[in-house]
1. I want to confirm something. Restricting to segment 580-620 and keeping residues that are within 37 Å of the chain's Cα centre (by Cα) and of a type in the set (D, E, K, R), which single residue is farthest from Gln645 (Cα to Cα)?
2. Name every residue in segment 625-642 that is at pLDDT 80 or above, farther than 14 Å from Val609 by Cβ and open to solvent by 40 Å² or more (accessible area, probe 1.4 Å), in order of residue number.
3. With respect to Ala237, is the statement that it is part of a helix (DSSP H, G or I), within 24 Å of Met314 (Cβ to Cβ) and at pLDDT 85 or above true?
4. Which one of these is at pLDDT 80 or above and either surrounded by 16 or more Cβ atoms within 10 Å (Cβ to Cβ) or assigned to a helix (DSSP H, G or I) (or both): Tyr246, Tyr199?
5. Do any helices (runs of 4 or more DSSP H) entirely within segment 529-609 hold 3 or more residues that are touching a helix residue (DSSP H, G or I) at 6+ places or on another chain (Cβ under 9 Å), among the acidic types (Asp, Glu) and open to solvent by less than 50 Å² (accessible area, probe 1.4 Å), and if so, which?
6. Do you know which residues across segment 477-494 are β-branched (Val, Ile, Thr) and in a loop (DSSP other than H, G, I, E, B)?
7. May I ask you to list pairs of residues, at least six apart or on different chains, whose Cβ atoms are under 8 Å apart, with the first in segment 470-488 being in contact (Cβ under 8 Å) with a residue 24 or more places away in the chain and of a type in the set (Val, Ile, Thr) and the second being open to solvent by 20 Å² or more (accessible area, probe 1.4 Å) and in a loop (DSSP other than H, G, I, E, B)?
8. Filter segment 659-674 down to residues that are modelled with pLDDT of 70 or more and over 18 Å from Ile503 (Cβ atoms), then give me how many there are.
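The values are calculated or read from the model by the stated rules, or taken from the named source; none is laboratory data. Predicted, not measured: the structure shown is a model, and the values here were computed from it. When we count neighbours, we look across all protein chains shown, and the Cβ atoms used for this are built from the backbone with ideal geometry, even at glycine. The protein model used for the area step is the full one, side chains on, heavy atoms only, and it has no ligands, DNA or RNA in it. Shrake-Rupley method; radii C 1.70, N 1.55, O 1.52, S 1.80 Å.
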Amino acid sequence: MHQHPSADARGKPVDPFGVAAQAPNAGLAPEENVLATLEVDLDEQLRFTKRVLTLSSRRLAFLDREWLLNKSLALRLSDHAGVGSLELHDGEIRLAVWHFTLGAQVQANRLVEQFERAQAATAGQAQPEDDDTAQCPTCHAPLPPDSEECPTCARELTTPPSTWVLLRLWRFAKPYQAQLITGFLLTLASTGATLVAPYLTIPLMDKVLIPFQNGQAIDPWLVTWLLSGLFGSAVLAWGLNWARTYLLALVSERISADLRTATFDHLLKLSLDYFGSKRTGDLMSRIGSETDRISVFLSLHALDFATDVLMIGMTALILFSINPWLALVTLLPLPFIGWMIHLVRDRLRTGFEKIDRVWGQVTNVLADTIPGIRVVKAFAQESRESKRFREANVHNLELNDKLNKTWSLFSPTVALLTEMGLLVVWAFGIWLVSHQQITVGVLTAFIAYIGRFYGRLDSMSRIVSVTQKAAAGAKRIFDILDHVSNVPDPVNPVALPTVQGGIQMEGIGFRYGSRTVIRDLSLDIRPGEMIGLVGHSGSGKSTLVNLICRFYDVSEGAIKVDGVDIRRVAVADFRRHIGLVLQEPFLFFGTIAENIAYGKPDATREEIVAAARAAHAHEFILRLANGYDSLVGERGQGLSGGERQRISIARALLIDPRLLILDEATSSVDTETEKEIQKALDNLVKGRTTIAIAHRLSTLRKADRLVVMDRGQVVEVGPHDELMAKQGAYWRLYEAQARKEQEAAAVLGDDSDGDEGDGV
């Protein structure tokens, strides 16, 4: 066992990774990277807490303890009754154990997988290049044979929602606990005020009405006092109900707003592969409708549920204080209603999540069709999209009908049981009155209390449906919040100095699912150098660019900028040094100026115009009706492809990046537009380290070096003339493309001749 607790000069424990806040300035050793972290949210007594278990390429650390990686250490992961456990063993000796809620299961799987890989690397065991064991690109857990679905990530789809997931909303409710306590006290007071009126019916019946029927005179002061009590309790209950409803509605709206914001912020931090496996409509549905559903539950139904529980409890106490035997008869239907609620709840909680998923399919059709309406109309596929929407809508209707069938039987049955209970109370009460064990006033008060008791019981049973809807929605929200990005920020980020632009790739490898995309690739790019990436489709060019931008993390090896591993730099800080120009530029709804200044929102108009001039976009912008203040439609509609591309180049120029990525920047435009874009690119690449992917190899002749890729590996590197002289892989690519261009030109020439002949 290798255990090295650390301490400072005063004996205070030091966290070697700075994750527990005991030593925030503690850093990593040279060449040491954080591989994974796990938020341990339960202590040894399974009480909620927040501590971090951290795995680096050399050690495992927790609070003031650390264990150096060696072949005898093993991590064992298990879960039981909703609690996950991670045990560290040295042979048969258990060194440590950590407990966590299953929301951190994906994190735990990732940590165990990275632990095993780090151990293999420490022991010098290289993983086979063509290992058949595929991994999930999201959580890096091993995939089953002949399967592309990760069992860990699939929990999101198969795990039924539990009502207990609503307790996790306390994380968002905690900042408002003072208002919530005030709301609870108001609820308690208002419930007590509503229970005054039935109690006053006892003297009203026994001391006023029944004596009056027997010939006695009515005492006006007593009647005035009793009626004043009824009026006062009603007004007090109204005021308290208004105050607590308004207060708790404000709190619930703020909780749902915080939940919506936290979900969106977390979504933005997730890596690209998460969005690759999700539909836009489904994510929109979760952040929009699910949080609204939770808000309605918190503002209305949770409040009603609390009121119902208090009303039932306080009413039961009053009933037992008046007559215990009659109170016992009143409670007879309770076990049957409780059994029915338990039975129906299990069906509702799975049914509502299915409905949520199907509703996500409905919104997916909308999210696909509306942005792509031009394509739909161009290919006359309106009826096809209408059929898709109708099928999703019918599926949603069928599931709702199935659930409503269960609910329609449950609710009347509860009402029937309460009516039967009221009938039994009437019968037993009349018997007690006939034997002079209670008065008519007591029976009247009992009936009034029972009406409220059973009314609240029926209301509670109806809340079961709403609660399960909210639980299903909360589960779908927490499925996002629990997801761990596989491009994590380092625990102790390193600040990049002034970036020169040198890029070093040292034996990098990358797998996506069961497919190896990059393998054992090494490349050294000098500062200010322009590199052209060429190769057949699927050779790994775009993947390599994604790895350099850290949209994904390498599986093996390291990518360094100016000698610093990019995994040790905060993601946002690193990407501020990168300018990206894509094949299909994306513009946001807004003005031309806002789109150019997207990467630098505080840019002055002079800076925006200067960037547009350098991108050869200034002239066509001035021709627009409102110049730089002209509105751009969604995704740049209203502008040509070349105009959108030049705006994206201006956007990249404005942030003045040291690293520039050009991904097929001129492949989708005509020759004349390409010349304009090429002039803009010439201004853009000056003094920057540039990596360019181009469909037409002739556009890369200005590159300092060309890197030829094939099946995820570099096969040739050198200038254009040198590679052409070798007559290797690049020469074959160039010749093949030249032949295609000649054939295309010949076909166009024949068509032109034919047209002219017909014209004569």
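1. Of all residues in segment 580-620, those within 37 Å of the chain's Cα centre (by Cα) come to 580-605, 607-608, 611-612, 615.
Those still in the list that are of a type in the set (D, E, K, R) too: 584, 594, 600, 602, 605, 607.
Values: Glu584: 8, Glu594: 15, Lys600: 18, Asp602: 22, Arg605: 20, Glu607: 19 Å.
Ranking the candidates gives Asp602 first.
2. Within segment 625-642, Ala625, Asn626, Leu631 qualify.
3. Values: part of a helix (DSSP H, G or I): yes; within 24 Å of Met314 (Cβ to Cβ): yes; at pLDDT 85 or above: yes.
Yes.
4. Of Tyr246, Tyr199, the one residue that is at pLDDT 80 or above and either surrounded by 16 or more Cβ atoms within 10 Å (Cβ to Cβ) or assigned to a helix (DSSP H, G or I) (or both) is Tyr246.
5. Qualifying helices (runs of 4 or more DSSP H): none found.
6. The initial filter retains those residues of segment 477-494 that are β-branched (Val, Ile, Thr), namely 477, 480, 484, 487, 491, 494.
Val484, Val487, Val491, Val494 - these are the residues of segment 477-494 that are β-branched (Val, Ile, Thr) and in a loop (DSSP other than H, G, I, E, B).
7. Val487/Phe551; Val487/Tyr552; Val487/Asp553
8. Applying the first criterion (modelled with pLDDT of 70 or more) to segment 659-674 yields 659-664.
If we keep only those that are over 18 Å from Ile503 (Cβ atoms) as well, we get 664.
Number of matching residues: 1.
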